[in-house]
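Here is the structure we will look at.
No value in this document is a laboratory result; all are computed from the given coordinates. Keep in mind the model is a prediction, meaning the values are calculated, not measured. Backbone-built Cβ (ideal geometry, glycine too); neighbour counts: all protein chains shown.
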Amino acid sequence: MRVPGALFAARGRAPQSESDVPFQEILPLRLKNTVSGKADSGSDVACLQEMGQLFACLKDNEFTEKYCSKEINQFQRCFKCYMDRKLEAKKTVNQGIVQPGSNLNYKQLNKYMRRYPNPV
């Protein structure tokens with residue numbers, strides 16, 4: 001009697017023996033002492049809710065701005081608050097103030113890593 005292949009597939013593939021595949025260290029297994037700043041340069045979207053309300057109002061009023069003054073003022077207020085927060089964050093980064101437990105940018109992380117480097 002022939003056994004169908006589906007019965008073997010239910011159990012999955014047999015694990016490979018570790019002695020058959022030896023570990024080869026290509027790069028050293030330790031972290032670098034620096035962090036790149038590529039991830040911090042992502043786009044930051046501000047006031048998306050207010051912008052959506054403004055565009056909806058403009059669309060309803062055939063893009064006449066005088067009927068959407070409330071939405072325009074809300075968007076401008078939100079954007080001003082966003083720019084103020086961004087300026088404050090930039091000032092603290094430039095001063096070199098490191099606040100433990102908060103989200104650190106790459107400059108602050110590099111400063112920490114210089115203070116506590118990985119052993120060679």
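Panel order for I72, I26, by other beta carbons found within 10 Å of each beta carbon, from fewest to most: I26, I72.
Residue pairs exceeding 25 angstrom between C-alpha atoms, taken from K32/K107; K70/K90; K32/K91; K38/K91; K66/K86: K70/K90; K32/K91; K66/K86.
Measuring nothing but how far apart in sequence close Cα pairs (under 8 Å, 6+ apart) lie, relative to its length, region 45-93 scores a relative contact order of 40 percent. Electrostatic bookkeeping for Y82 treats Lys and Arg as +1 and Asp and Glu as -1; over the other residues with beta carbon under 13 Å from its beta carbon, the sum is +1.
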